[in-house]
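Contents: one structure, followed by commentary.
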Amino acid sequence: MEVTLPQMLFARERRAGEQQALLRQYNLPLISFTMNIAGPEKDTPLIRRGFQEGCCMLKEALKREKMPVVHQQIRQEVTGCEAFYVVQGNSERIKSLCAKVEDSCQLGRLFDMDVLSPRGEQLRRQTVGRQERGCIVCGAPGRGCASRRVHSVQELQQVTQRILSDHFQQRDAQKIGTLALRSLLDEVCTTPKPGLVDRENSGSHRDMDIFTFTASASALAPYFLQCAAIGQDTRTQPPEHTFQALRAAGIQAEQSMFAATGGVNTHKGAIFTLGTVCGAVGRLWTPELPCRDLKKILEVCAQMTKEAVEQDFSAMRASGQGVTVGQRLYLEHGLTGIRGEAAAGLPSVEKVGLPAFCKALARGNSRNDAAAIALLHLIGAVTDTNMIARGGMKLAREAMEQVKNLLKQNPMPKPEQIRQLDRAFVQKNLSPGGCADLLAVTLFLHDWCSQEA
Ligand SMILES: [Zn+2]
């Protein structure tokens, strides 16, 4: 909604009145924070998000400097957002802190964090050793451009929009990447796990331990951020384009993984699955609000991968021979593995992993125990090609039955029961690596979809 000049004048007058009232009431320095927005539209969801970010940055800075806020009030109107903070502290120090926040990133250029002394004098940036801020468009010093109206309102609006959008694009991609890394680390730390590397042992593996996994996960951190960014950057293109770009990044990521582990495959499956999920979350991203809708995210996973996965399978059928274990299992047994899972929108995560994890948490289990329980439910429900690759079809089926039976007796097995399974899996040299990847995706989606904007 556009605002009129009288509305703006009224808002300014009201702000001045409120400032005076707060100064009289508290006799303390006052921060008056507004957004510096050109043009007649002062209140959009994106501007509000920028404003809320500013409030958070300001409050964190005050907390760090141990300057208590004794009163705060926030107003969100068509004329723009306003926040007042009455702060216990020295006016100059507070102004210095506000100027630092304003200069801390591009978004800060849109913050107007005025500081009034208890006597009502407005402090200037220059008194705390900071320069007056330059033009938002061309960077020319001072208010020359603004007073001479050098730039059109349209140009100013475009720059404002870009600053806001760029800020949240980067920040949200970082959040997605960080959460993906966390889910990989949490997966390997989940203990006990049958046949898999955990904090107690290396399961059925002789060539890796928990540190191989932390090394691999750390090396993959930039990749997951990149997947989110690829999703964001290609979100207006067809979903297959996003997936093509993700695949190219995935090949690089595999190399980083092998370099970090000395040639051991720790996360090849996770590179594919979790990378696809990060890309899907990126595709659904908007500057106003990242998408935390599970159904939509899984739908986009399916849209992105469907065509490529079908092509892969038809190429295998045409050639009639499988080079990798996964390919042979598809040709001989029709098992589509993790690729089929992705193309179908990760039904095991949606229908098995997530419900089991949430139920276990709701029953008071710790994050570790709930994750271990969710993993068992995945093992009991998913034909894991990793299990078959290591132990053959018969042993893999038997192990799956064993897990199913245990879950029938007790849907939330105790750690001691899982340890028993662990010993049985190790004896048969079985390792449900595919289910471990699905557990990481389960943890990621659980956390991402339950976070606040
Ligand atoms: Zn300018």
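Taking Cα atoms of region 5-132, Rg/Rh with Kirkwood Rh, to two decimals? My calculation puts Rg/Rh at 0.94. About its Cα centre, the chain has a charge dipole of approximately 720 debye under the convention of +1 per Lys or Arg Cβ and -1 per Asp or Glu Cβ, with nothing else charged. Projecting label points 7 angstrom from Cα along Cα→Cβ for Gln427 and Gln106 puts them 6.0 nm apart. Exceedance of the 25 Å cut-off in Cα-Cα distance is limited, within the set Lys351/Lys414; Lys63/Lys95; Lys306/Lys404; Lys268/Lys359, to Lys306/Lys404; Lys268/Lys359. Full extension of the chain segment joining Asn405 with Arg14 gains 133.8 nm, where the gain is 0.36 nm per residue of separation less the Cα-Cα distance.
Only one residue of Leu123, Gly144, Cys189 has its Cα farthest out toward the positive end of the dipole of region 97-198, where Lys and Arg carry +1 and Asp and Glu -1 on Cβ, and that residue is Gly144.
Restricting region 343-414 to trypsin sites (Lys or Arg not before Pro) that sit in a DSSP loop and have at most 12 other Cβ atoms within 10 Å of their own Cβ leaves Arg363. Label-to-label distance, Asp233 versus Glu452, with points set 7 angstrom from Cα along the beta-carbon direction: 3.2 nm. Over the C-alpha atoms of region 250-356, the Rg to Rh ratio, Rh being the Kirkwood estimate, stands at 1.02. From the largest down, region 290-401 spans 51, 39, 16 angstrom on the principal axes of its Cα atoms.
Ranking Met67, Tyr223, Met35 by how far each Cα lies toward the positive end of the dipole of the chain (charges on Cβ) leaves Met67 at the top. Taking 0.36 nm per residue of separation and subtracting the Cα-Cα distance, full extension of the segment from His241 to Glu60 would add 61.2 nm. When the GluC sites (Glu not before Pro) in region 374-453 are filtered for DSSP coil states and for at most 13 other beta-carbon atoms within 10 Å of their beta-carbon, the remaining sites are Glu452.
For region 162-450, the residue among Met393, Ala253, Thr178 whose Cα projects farthest onto the positive side of the dipole built from Cβ charges is Met393.
Note that region 1-74, at 25 °C in a medium of 0.890 mPa s, gets a Stokes-Einstein diffusion coefficient of 173 µm²/s from its Kirkwood radius over C-alpha pairs.
The loop-placed GluC sites (Glu not before Pro) in region 90-191, going by DSSP, that have at most 13 neighbouring Cβ atoms within 10 Å of their Cβ come out as Glu121, Glu132.
Taking the number of Cβ atoms within 10 Å of each Cβ as an exposure proxy, the fewest-first ranking of Met400, Met257 is Met400, Met257. In plain terms, the bigger the Kirkwood radius, the slower the diffusion; for region 66-213, with that radius from Cα pairs, at 20 °C and 1.002 mPa s, Stokes-Einstein puts D at 107 µm²/s.
Here, region 162-450 yields an orientationally averaged convex hull projection of 14.4 nm² when only Cα atoms define the hull. Suppose R0 equals 56 Å. What FRET efficiency, 1/(1 + (r/R0)^6) with r the Cβ-Cβ distance, do Asn27 and Glu299 give to the nearest 0.05? Efficiency, from the Cβ-Cβ distance: 0.45. Say a paramagnetic label sat at a point 7 Å from the Cα of Cys138, along Cα to Cβ; which residues of region 150-168 have their backbone N under 17 Å from it? Residues 150-160 fall inside that zone.
Taking 41 Å as R0, compute the FRET efficiency from the Cβ-Cβ separation of Val323 and Arg367 and round it to 0.05. Intermediate results must be reported in sequence, preceding the final value.
Values: r = 39 Å, r/R0 = 0.95.
Computed FRET efficiency for Val323 and Arg367: 0.60.
For the pair Gln417 and Asn265, a Förster radius of 22 Å applied to the C-beta separation gives a FRET efficiency near 0.15, rounded to the nearest 0.05.
Using only alpha carbon positions, build the gyration tensor of region 291-339, then give the equivalent ellipsoid semi-axes as the square roots of 5 times its eigenvalues, largest first, whole angstrom.
Working: eigenvalues 148, 24, 9 Å².
The three semi-axes for region 291-339 are 27, 11, 7 Å.
Every helix of 4 or more DSSP H residues in the chain counts as -39500 (n - 2.57), and over all residues that averages to -21000 deg cm²/dmol at 222 nm. With a simple spin-label model that places each label point 7 Å from the Cα along the Cα-to-Cβ direction, the separation between Arg48 and Gln174 comes to 2.5 nm.
We did not get these values from a lab; they are worked out from the coordinates using the rules stated. Quick caveat: nothing in here was measured; it's all calculated off a predicted structure. For neighbour counting, all protein chains shown are included, and Cβ atoms are generated from backbone atoms with ideal geometry for every residue, glycine included.
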